[in-house]
1. Would you mind checking which residues have amide H under 5 Å from Thr177's amide H? H placed 1.01 Å from N; only 5 or more apart, or other chain.
2. Given the C-alpha atoms of segment 101-228, compute the convex hull and give its volume per residue in Å³.
3. Enumerate the amide H contacts of Leu211 below 5 Å, restricted to partners 5 or more residues apart or on another chain; note that Pro and chain-start residues carry no placed amide H.
4. Can you give the Rg to Rh ratio for segment 167-228, taking only C-alpha atoms and Rh from Kirkwood?
5. Go through 93-103, 160-170 and give me the packing order, highest mean Cβ count within 10 Å leading.
6. Go through 115-124, 217-226 and give me the packing order, highest mean Cβ count within 10 Å leading.
7. Using θ = phi - 60° and the Karplus relation 6.51 cos²θ - 1.76 cosθ + 1.60, list the HN-Hα couplings for segment 158-163 in order, rounded to whole Hz, with x at every Gly or Pro.
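Quick note: the coordinates plus some simple rules give every number you see, no bench work behind them. Since the structure is predicted, the reported quantities are computational estimates derived from the model, not experimental observations. Glycine also receives a Cβ, built like all others from the backbone with ideal geometry; neighbour counts cover every protein chain displayed.
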Amino acid sequence: MEVFLRVVTSFPTVVYSVLLLVVTVHWLLSAMGILELDALDGLLPDDIGTDGLHGAHGAHGSHGSHGDHGSFGGFLMKFGLHGVPVMVVFTIIAIVGWSFCFLVDLHVISAMPEGIGAMLAGIATMIGGLLLSIPVARMVLTPVRRLLRRYEPVTQRPLLGRYAEVRSPEITQTHGTAWVDDGGAGLILQVRCDVSGRFVRGDRVVLIEYLDEQNAYRVTSPAEFEEI
């Protein structure tokens, strides 16, 4: 155990240990419903991240804040890491990079005398972990991306007027998810509300407007919908 702790907290493994810790905390918070699954997907343009399954909608968001991440999105697309949530990409990179650095550090770098040689070996190992994780991530994500596209709804506009159940902790002007019974496994949709916090998990809402630029739906209460 002492050797394990020494390796995971020493350079270069510690770099990937921190990344692995971040993605682990993210998935734990998401599993507990504290953090929405799409909370960090905003780092990518709509046609690169989760909303990449709806590329037509992402085209409307190419200006503004999305443009700030064009280079990052282009990097992911260049290496075939687009079309899935960004945290999935980071998770694979963290796991592969950490495993590679841990093994090299344990069996090679630890046996080297301290000095410039060990430092250069650590830097090379850290870079090698990244270079190895990219093709591995591409191989893993290719079938996942195809599966997501296969189950992509052809159109969501006919869902207007349908009742849904809030699944996220709350619905705000920028975040929120709700479940709609489509007669099968159901659909998880992005939803928005003009008044943040008005609807919370478990509330019933009605889809009243499709927000094309956000690939989301504006919702209202069943009572207000019946008065329309």
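1. Counting only residues 5 or more places away or on other chains, the set is Arg167, Ser168, Val191.
2. Values: hull volume 24.1 nm³, N = 128.
Expressed per residue, the convex hull around the Cα atoms of segment 101-228 is 188 Å³.
3. Ala216, Tyr217, Arg218
4. 0.94
5. Final packing ranking: 93-103, 160-170.
6. Highest mean packing first, the order is 217-226, 115-124.
7. Values, residue by residue: x, 7, 4, x, 7, 7 Hz.
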